[in-house]
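Chemist: Just passing along the structure, written as C-alpha cells.
Read the figures in this text as sums done on the coordinates, not as results from a lab. Keep in mind that what you see is a predicted model, and the values were worked out from it rather than measured. Using ideal geometry, Cβ is built from the backbone for each residue, glycine included, and neighbour counts are taken over all protein chains shown.
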Number of protein chains: 4
Amino acid sequence: MTEKSKILKNPIEHIDISSFDSRPIIESMQKMSFSSRDLARSSDIFNKMLLDDKCSIILTLAGSTSAAGCMKIYADMIKYNMVDAIVATGASIVDMDFFEAMGFKHYQGDQYADDKKLRSLYIDRIYDTYIDEEDLQKCDHAIFEIANSLENRPYSSREFIYEMGKWLYEGNAKKKESLVQLAYENNIPIFCPAFTDSSAGFGLVKHQVENPENYLTIDSIADFKELTDVKIKAGTTGLFMIGGGVPKNFVQDTVICAEILGKEVDMHKYAIQITVADSRDGACSSSTLKEASSWGKVDVVYEQMLYAEATSVLPLIVSDAYHRGHWKKRKHNNYSKLFK
Amino acid sequence: MTEKSKILKNPIEHIDISSFDSRPIIESMQKMSFSSRDLARSSDIFNKMLLDDKCSIILTLAGSTSAAGCMKIYADMIKYNMVDAIVATGASIVDMDFFEAMGFKHYQGDQYADDKKLRSLYIDRIYDTYIDEEDLQKCDHAIFEIANSLENRPYSSREFIYEMGKWLYEGNAKKKESLVQLAYENNIPIFCPAFTDSSAGFGLVKHQVENPENYLTIDSIADFKELTDVKIKAGTTGLFMIGGGVPKNFVQDTVICAEILGKEVDMHKYAIQITVADSRDGACSSSTLKEASSWGKVDVVYEQMLYAEATSVLPLIVSDAYHRGHWKKRKHNNYSKLFK
Amino acid sequence: MTEKSKILKNPIEHIDISSFDSRPIIESMQKMSFSSRDLARSSDIFNKMLLDDKCSIILTLAGSTSAAGCMKIYADMIKYNMVDAIVATGASIVDMDFFEAMGFKHYQGDQYADDKKLRSLYIDRIYDTYIDEEDLQKCDHAIFEIANSLENRPYSSREFIYEMGKWLYEGNAKKKESLVQLAYENNIPIFCPAFTDSSAGFGLVKHQVENPENYLTIDSIADFKELTDVKIKAGTTGLFMIGGGVPKNFVQDTVICAEILGKEVDMHKYAIQITVADSRDGACSSSTLKEASSWGKVDVVYEQMLYAEATSVLPLIVSDAYHRGHWKKRKHNNYSKLFK
Amino acid sequence: MTEKSKILKNPIEHIDISSFDSRPIIESMQKMSFSSRDLARSSDIFNKMLLDDKCSIILTLAGSTSAAGCMKIYADMIKYNMVDAIVATGASIVDMDFFEAMGFKHYQGDQYADDKKLRSLYIDRIYDTYIDEEDLQKCDHAIFEIANSLENRPYSSREFIYEMGKWLYEGNAKKKESLVQLAYENNIPIFCPAFTDSSAGFGLVKHQVENPENYLTIDSIADFKELTDVKIKAGTTGLFMIGGGVPKNFVQDTVICAEILGKEVDMHKYAIQITVADSRDGACSSSTLKEASSWGKVDVVYEQMLYAEATSVLPLIVSDAYHRGHWKKRKHNNYSKLFK
C-alpha cells in the first residue's frame, strides 16, 4: 500500500435521501426559531414549488457540495422530477459529477493537512476532501477527446454538456445515474455560465491549441440567450440555490434579459438559497433575496435565505420533499427539447 | 384580540428528540465531508462520552437556543442522565427556562420587525423570537421574592439556582420538567458565572435595595471554587458546549484552577462545541479547541468544533444519542450532593 | 537562547493613536459604502458623544484586543478624557492590562502553531498571540496577595479593581499608564461582571481556600447595583462597545434595572459596537442595536454596528477623535467618587 | 425634486489613495496581532511584488467594491503601474466602471430600505448602495451598439473589453481615467471569464437576437487560453485578489493550464486575498491560499488571507504602496500587445 493510497482510503459516499425520512424533524422545526425555522420554511417553499403545477424549478449549484457527499441528492432531484433546469459552476458538473461518472472518487481528508506533502503526492484538497490529481487529468482528457469529436462551430455550455451526457450514455459511464447522464436522458438542460473555469477548461484549451485550424468555441452569449428562452417558456419559476456565485446571478438576470428582449415575464415566484456567505461585501453570492427584489428579479412572498453549510441541511430538505411525494404528479417539462 | 396578542400568537414548541430517530442521518453523514461530517463526528464524540463509564459530562449553554425551541432537549439530557453538571448564562436559566417553568411562553416573531412598535407594545425581541416584557417582569419578581425568603449570607449561583428549583418543586411550577426543577430533583448542579447578567439581576438588585440592612450576596468566587470541586471529584470529563461565552471559558479554567490548588487533574478528555462564532477576534467564544489545548485545558484527541447555528444540528445529535441508548447504563453522579 | 525565548521574541507593541492622523481617511470613507461608511459613521457617532456635554461615555471590552495591540488605545481614552466608566471581561482587565502593568508582555505568534509543543513549553496561545504561562501565574499570585491584604467582606468587582489600581499606584507597577492604574488615578470605575472568569479567579479561589475562616467575597449583585447607580447619575449616555459578551448585555440592562428601582432614565442615546459576531444565533454579542431598542435599552437614532475585527478599524476611529480634539472641553465625571 | 432624485442624492465619491499617507498606520500594525497584523503583512507582500523586478502583478476583482467607493483605487493601480493584468467579474467592469465612464453614478443608500418601493422607482440596490436602473439600461445599450459595430467572429472577453476601452477613448467617455479606458491606453489586458453574467450580457443577447444572421460570439475558451499566455510570458507572478469567485479560480488555474500545454511555469509566487467569505463550504471564494498550494497553484512563502470587508482595508494597503513608491521603478509589461 503506497503512502498515497493510505491517504486516499476513505471514499466519500453520497447520502441517499430516500434512506431516511426527515418529515418529523422538519415538522418539529416549524415550531421553533432561528435557523431551524429557516430550514423548515425552506422545505415548505420547496414543497410549494413542487405542488404548483405551473412552476418550473431551476436548481443552481456553486461550491463543492457535490464532492462532499451531496452528489446523489442532485441526481435524485432529476430522477424524481423535482427539477427542470440546472445552472452550475463548471467544477460541480465536470470536476465532480462527470469525474465520478468516469469511475473516479472523492476521498475524506483533513483540513489541517500538510499541503506541501499533498502537492508532492499529486493530491488536491478541497477543505477536508481529497482528489487524486492523476484522475482529474483523465477527466480533462475526456473533455479534450469529446471536443475533438465535435464539429467546428460555437457551442453553448448547455450543448457541450449535452454531448458529455451522450458520451456517458453511449457506454463510457463507469458509474450509473450521474447528474450529467440523467439530465441527458431526461431532457434537463444544464448551463455553466463560466464553463471553462473548471477541468473542462483545460481540455478545451488543449483542443484549441492542438487544432489551430479547426476548433470549436464556447459562446457564453448563447448560454444567456438559451437560459432566458427557458425562463420565457416556463413562465412561473422557482429557484433552489445551493451557494451563490455566477449561477445565482445568471438565473436571476433572465427576468431582466427577457424584458430587454421585449417579453413580459414574471419575477421568480419562489426562491430559496442555502449559503454561508456574508452579505456585507456586496457580492451577489451573499446578497439577500429581498435585495434581488429591488432589481425586479425575485418576488418576496416565498423567499428564504438559509444561512448554513449545505451538507448539513440540504439532506433534510430533499428527504422531506421526497417522502411528501408531490413530485409524483409533476409534469415533465423537457426543456432540452427547446433547443432541438 | 389586542394588537399585542395578534403578534404573540404562535408560541415556540420545543422539539422532542424522542419523537424521531436521527441515527440513519448521522450514519450517512459520517461518509460525507464539510459540516455534515463535523456533525457526525460530534455525535460520535458525544456517544463516546456516554459510553465511557468514568466520564462526567458538563453541558455549557450560551446564546438563546432555549428560547428558540431547544429547551426540552436540555431538560431531556437531565431526564435521560446524559449530563452531570451545567454551566450557563443567566439568561438561559432564568429568563428562559425558569420563565417557562412559571407558565410563560416564547413566541415566533420576525427578525425584520419594527422595533419601535415592539417597544411600544412591551414586546422584547431576540432575533426572530418574541417575549412579553410583562411576563418577564413577573419572572424578575419571583427572583426578588425567593431572595427575600433566604437568609443573609453569600450564596454561589449554584446555591441560589438550587433554591429556585426547590421553589418550583414545592408547588410553584406551572410547567413540568423544566431544566431548573429537573436539575434540583436529580442533583445536577447548575452554575451561572455571570448570574446577575440576566433577569435574576433585576430581582436581586431590588432585593438588596429594599433590604438595605439584611440582604444576601452572590459570591462569584464560590462558583469557581465549587465548579473546580466538581472537576476534581469527576476526574475524567467531557464538555458539550452550545455557544461559547463565559460558560465555555469558566469550565475550561477549572483544570488550571485545580492545578493552582495543588490537585493534579486531567485535561477535559472530550469536547464538542457548536457555534457560529468567528475565531478571528481572539475571543474565547470562538477560539478553537486546539487553541485551548495550548493552555492545558482540553485534550485534542476527541474534540470537534461544529460551526453551525445550534437549533439546526443539536436535535440530530441528541436524538441519535437518545436512540443509541448508552445513557441507560450510566451511573448517576449526583454532584449537587458534594455541597450538602 | 532557549527554544521558548526564540518563540517569544517579538513582543506586541501597542499602537499609539496620536502618532498618525486618520481624519482624512475617515472623511473620505464618509462618501463611500459598505464597511468603510459604517466605520466613518461610527467615528461620527463617537465624535457626537464627545461633543454632547451631557453625555457620559461607557466603554465595554470583550475579546482579546488588549493583548493584540490595542491596550494603549483604551488607556489613552482615559488619559484624554474620552471615557467615564468601563465594563469589561476579567481577562481584558486582569490577564492583559494588569499583567502588562506588572512588566510582562504579549508576543506575536502563529495561529497555525503546534499547540502540543506550545503546551510543553508553557506558552498559552490566543489566536496568533502568545503568553508566557509562568508570567501569568505571577499575575494570579499578585491577585492572591492583594486579596489576602483586604478585609473580610463582600466587594464589588469595581472595588477590587480599584484596589488593584491602588496597588500599582503605590509602587508595584513596572509599566506606566496601564488602564487599571489610570482608571484609579482618574476616578473611572471599571466593572467586570464575570470577574472570576479570568486570571483573577485563580488568585481569588486560592485566597478563599487558604483562608477558610477569613476571606473576602465578590458580590456580583453589587456590580449591577453600582453600574445602575452610574447610569442613574449620568442621565445621557453613549456606549462604545468592543465585542459583545457579558459587558454589552450588562451595561444595556442598567436602563431596565433603573426602571425596576423606580427611577426614570433615558435609553442609551448613542451606541456603536465593533464585532465579528454573527447575529443568527440569538446571542447578545451579535444582536443588533436595533434589537436592543425593542427592549428599551438603546435608542436607534445614533447607533452603528461595525462588522469588523476591531484591531483593524478601532485605531482609525480613536485617532480621528483624538485629532479632532472634542475631548479637550469635556468635563470630568469622576464616577468612582460615587462610591466613596 | 422627485421622490427618486431625493433618494439618489448622495453620489458615491471614490477614495483617493494619494490624498492621505497610511504608512505610519501600517508600520504600527506590523507590531500588533489579529487582523491588523494580517493587514500589515498584506501590505508587505504587495510591496515585495512591486519591488521584485521579475514579478508581474495580476489584480482580481469580485464583489461590488468598485460601486462602493474603491473604483479610483483600481484605476490608480493602472495609472501608477502597480498592475499588469486584471481578471474581474463582468459587473465590476461593465456595470460599475464602464457605467461611470459613461457619466453615471452610484449613490449612497440604506441596507434596510423597502425594496418594493425601490423597485417601483426603478432603483436597484447593492447592499447599502443604489443604482438608477434607467442609467444601467443605457449602459446595456452602449454594449449593444459596440457589438453591432464589430465584425462577425468569436471574441475573447479581453478583446471585447479592449473595444470598450477604445470606444471610450475615441470620445465617448464622460468621465476621465476609468479603469477600462486606462487599461486600453496602458496595454493592460482585462479578462472577464463570465462576461455575459453582467450588464454586458443584456446588450450582447440583444445583439445576437436582433442580428440573427450576423453576430459576434464571446468564446470563453479563448479567455482561458489568453490568460494562460500571459502567465507563460510573465514567469514570476503575484496575485492581488479582492474577493474570490470565478476571477480567483480562473487566474490560479493558469498554472495548471500551462502545464497541460507542456509549458513549465512557476506557481504564483505572491498572493494576497481580501475576503469576508467563510471557508467552510468548500467554495473557491473562501478557500485558503494554503489549500491552493495543494493544487500546485500558489506558493506558500508569501501568501496572506485578509479576512475583512475590502472597502475598510484596501485604501490603507494601496496608499502605503503608493507612498513607498516602489512602482516608480517598475517596467511596463504591456501584455495587451501579446494579442496584436
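Chemist: Filter the trypsin sites (Lys or Arg not before Pro) in the stretch C:188-268 to those in DSSP coil with at most 15 other Cβ atoms within 10 Å of their Cβ, and list the result. Kindly include the intermediate steps, with their values, before the conclusion.
Modeler: Working: sites: C:Lys206, C:Lys225, C:Lys231, C:Lys233, C:Lys248, C:Lys263; in loops: C:Lys263.
Qualifying residues, ordered by number: C:Lys263.
Chemist: Rounded to the nearest 500 deg cm²/dmol, what is the calculated helix-only ellipticity per residue at 222 nm for the protein assembly as shown, with -39500 (n - 2.57) per DSSP H run of length n ≥ 4? Could you put the intermediate results ahead of the total?
Modeler: Numbers: 52 runs with 574 residues, N = 1360.
Counting only the DSSP helices, I get -13000 deg cm²/dmol.
Chemist: Would you mind putting A:46-58, B:91-103 in packing order, based on average other-beta-carbon counts within 10 Å, highest first? Mind dumping the intermediate values first?
Modeler: Working: A:46-58: 19.0, B:91-103: 26.4.
Going from most to least packed, we get B:91-103, A:46-58.
Chemist: Return the average number of partner chain Cβ atoms within 10 angstrom of each residue Cβ along peptide D:292-300. Show your work: numbers first, answer last.
Modeler: On the way: counts 3, 5, 18, 11, 7, 2, 1, 1, 3.
Counting other chains' Cβ atoms within 10 Å and averaging over D:292-300 gives 6.
Chemist: What ranking do D:His207, D:His332 get, fewest neighbouring Cβ atoms within 10 angstrom at the top? Mind dumping the intermediate values first?
Modeler: Working: D:His207 20, D:His332 10.
Ranked by crowding around the Cβ, least crowded first: D:His332, D:His207.
Chemist: Same structure, new question: Name the shape class, rounded, prolate or oblate, that the alpha-carbon gyration tensor gives for the protein assembly as shown, where a ≥ b ≥ c are the square roots of its eigenvalues, rounded holds for a/c under 1.5, and otherwise prolate holds if a/b is larger than b/c and oblate otherwise. Each step should come with its number before you reach the end.
Modeler: On the way: a/c = 1.73, a/b = 1.48, b/c = 1.18.
Verdict is prolate for the protein assembly as shown.
Chemist: What is the mean number of Cβ atoms from other protein chains located within 10 Å of the Cβ atom of each residue in peptide A:9-21, rounded to a whole number? Could you put the intermediate results ahead of the total?
Modeler: Details: counts 0, 3, 1, 4, 4, 3, 8, 2, 2, 0, 4, 9, 4.
Taking the mean over all residues of the peptide, I get 3.
Chemist: If you don't mind, there's one more thing I want to ask. Name the residues of the stretch B:301-340 whose amide N is less than 20 Å from a point 7 angstrom out from the Cα of B:Lys54 along the C-beta direction?
Modeler: Within reach of a label on B:Lys54: B:301-303, B:327, B:329-335.
Chemist: In whole Å, what is the distance between the alpha-carbon centres of the stretch A:285-340 and the stretch C:104-154?
Modeler: First find each Cα centre; the distance between them is then 51 Å.
Chemist: For C:Lys175, place a label point 7 Å out from Cα along the Cα→Cβ vector, do the same in each other copy, and report the separations in nm, one decimal, smallest first.
Modeler: Counterpart label points of C:Lys175 in the remaining copies fall at 4.6, 4.7, 5.5 nm.
Chemist: Still on this structure, please answer the following. Are there GluC sites (Glu not before Pro) in the stretch C:151-196 that DSSP marks as loop and that have at most 10 other Cβ atoms within 10 Å, and which are they? Walk me through the numbers before you get to the answer.
Modeler: Numbers: sites: C:Glu151, C:Glu159, C:Glu163, C:Glu170, C:Glu177, C:Glu185; in loops: C:Glu151, C:Glu177.
Here the sparse-neighbourhood loop sites are C:Glu151.
Chemist: Run through the DSSP bridge list for the protein assembly as shown and note the antiparallel percent, rounded to the nearest 5. Don't jump to the answer; show the numbers that get you there.
Modeler: Details: 30 of 134 bridges.
The answer is about 20 percent antiparallel.
Chemist: While we're on this one: Classify chain B as rounded, prolate or oblate from the Cα gyration tensor: take a ≥ b ≥ c as the square roots of its eigenvalues, call it rounded if a/c is under 1.5, otherwise prolate when a/b beats b/c and oblate if not.
Modeler: Values: a/c = 1.65, a/b = 1.17, b/c = 1.40.
Taking the square roots of the gyration eigenvalues as a ≥ b ≥ c, chain B is oblate.
Chemist: Taking the DSSP beta bridges in chain C as the whole, what percent of them are antiparallel, to the nearest 5?
Modeler: Details: 7 of 33 bridges.
The answer is about 20 percent antiparallel.
Chemist: Here's something else I'd like to know. Using a label point 7 Å beyond Cα on the Cα-Cβ vector, give me the inter-copy distances for B:Glu134 in nanometres, one decimal, shortest first.
Modeler: Copy-to-copy label distances for B:Glu134: 5.1, 6.5, 7.5 nm.
Chemist: With θ set to phi - 60°, apply the Karplus curve 6.51 cos²θ - 1.76 cosθ + 1.60 along the stretch C:109-120 and write out the HN-Hα couplings as whole Hz, x wherever there is a Gly or Pro.
Modeler: Coupling constants for the stretch C:109-120: x, 9, 5, 9, 4, 7, 5, 5, 5, 4, 4, 5 Hz.
Chemist: Select from D:Met267, D:Met32, D:Met77 the residue whose mean-square fluctuation is largest in a Gaussian network model of chain D (Cα-Cα springs shorter than 10 Å).
Modeler: Of the options given, D:Met32 has the highest mean-square fluctuation.
Chemist: Can you list the distances in nanometres, one decimal and ascending, from the D:Lys117 label point to the identical position in each other copy, with the point 7 Å along Cα to Cβ?
Modeler: 1.4, 5.9, 5.9
Chemist: Can you give the FRET efficiency to the nearest 0.05 for B:Leu338 and B:Asp44, using r as the Cβ-Cβ distance and R₀ = 35 Å?
Modeler: According to the calculation, E is roughly 0.70.
Chemist: Averaged over A:243-249, how many beta carbons belonging to a partner chain fall within 10 Å of each residue's beta carbon? Don't skip to the end; give the middle numbers.
Modeler: Numbers: counts 4, 3, 10, 10, 2, 1, 7.
If you average over the peptide's residues, the count of other-chain Cβ atoms is 5.
Chemist: As a quick test, which of the pairs B:Lys54/C:Lys6; A:Lys79/D:Lys117; C:Lys225/C:Lys269; A:Lys6/A:Lys138 have an alpha carbon distance above 32 angstrom in this structure?
Modeler: Values: B:Lys54/C:Lys6 40 Å; A:Lys79/D:Lys117 41 Å; C:Lys225/C:Lys269 21 Å; A:Lys6/A:Lys138 21 Å.
In this structure, B:Lys54/C:Lys6; A:Lys79/D:Lys117 lie more than 32 Å apart at Cα.
Chemist: Follow-up. Given Cβ point charges of +1 (Lys, Arg) and -1 (Asp, Glu) and nothing else, what value in debye, to the nearest 20, does the dipole of chain D about its Cα centre take? Write out the running numbers ahead of the final one.
Modeler: Working: 40 positive and 49 negative charges, 198 e Å.
Around 960 debye, computed over chain D.
Chemist: Around C:Val87, which amide H atoms from residues at least 5 apart in sequence, or from another chain, sit under 5 Å from its own amide H, with H modelled in the peptide plane?
Modeler: Amide H neighbours of C:Val87: C:Leu59, C:Thr60, C:Leu61, C:Phe191.
Chemist: In whole Hz, what ³J(HN,Hα) sequence does the stretch A:94-103 give by Karplus (6.51, -1.76, 1.60; θ = phi - 60°), x for Gly and Pro?
Modeler: 8, 5, 10, 6, 4, 4, 6, 4, 6, x
Chemist: Once both labels are modelled 7 Å past Cα along the beta-carbon direction, what's the A:Val209-B:Leu121 spacing in nm?
Modeler: 6.6 nm
Chemist: Then there is this: Run the reach check for D:Lys329 against aspartates and glutamates, Cα to Cα strictly under 13 Å, same-chain hits fewer than 8 apart removed. What comes back?
Modeler: D:Lys329 reaches D:Asp52, D:Asp53.
Chemist: Mind putting a number on the dipole of the protein assembly as shown about its Cα centre? Charges go on the C-beta only, +1 for Lys and Arg and -1 for Asp and Glu, and I need it in Debye to the nearest 20. Could you put the intermediate results ahead of the total?
Modeler: Values: 160 positive and 196 negative charges, 1 e Å.
The calculated dipole for the protein assembly as shown is roughly 0 debye.
Chemist: Under a plain spin-label model, where a point goes 7 Å from the Cα along Cα-to-Cβ, how far apart in nm are A:Lys328 and A:Ser18?
Modeler: 1.3 nm
Chemist: Assuming a ≥ b ≥ c are the square roots of the Cα gyration tensor eigenvalues, decide whether the stretch A:35-74 counts as rounded (a/c under 1.5), prolate (otherwise, with a/b larger than b/c) or oblate.
Modeler: Working: a/c = 2.70, a/b = 1.38, b/c = 1.95.
It comes out oblate by the Cα gyration axes.
Chemist: What distance in nm separates the simple spin-label points at A:Lys166 and C:Ser5, each placed 7 Å from Cα in the Cβ direction?
Modeler: So the label points at A:Lys166 and C:Ser5 sit 7.5 nm apart.
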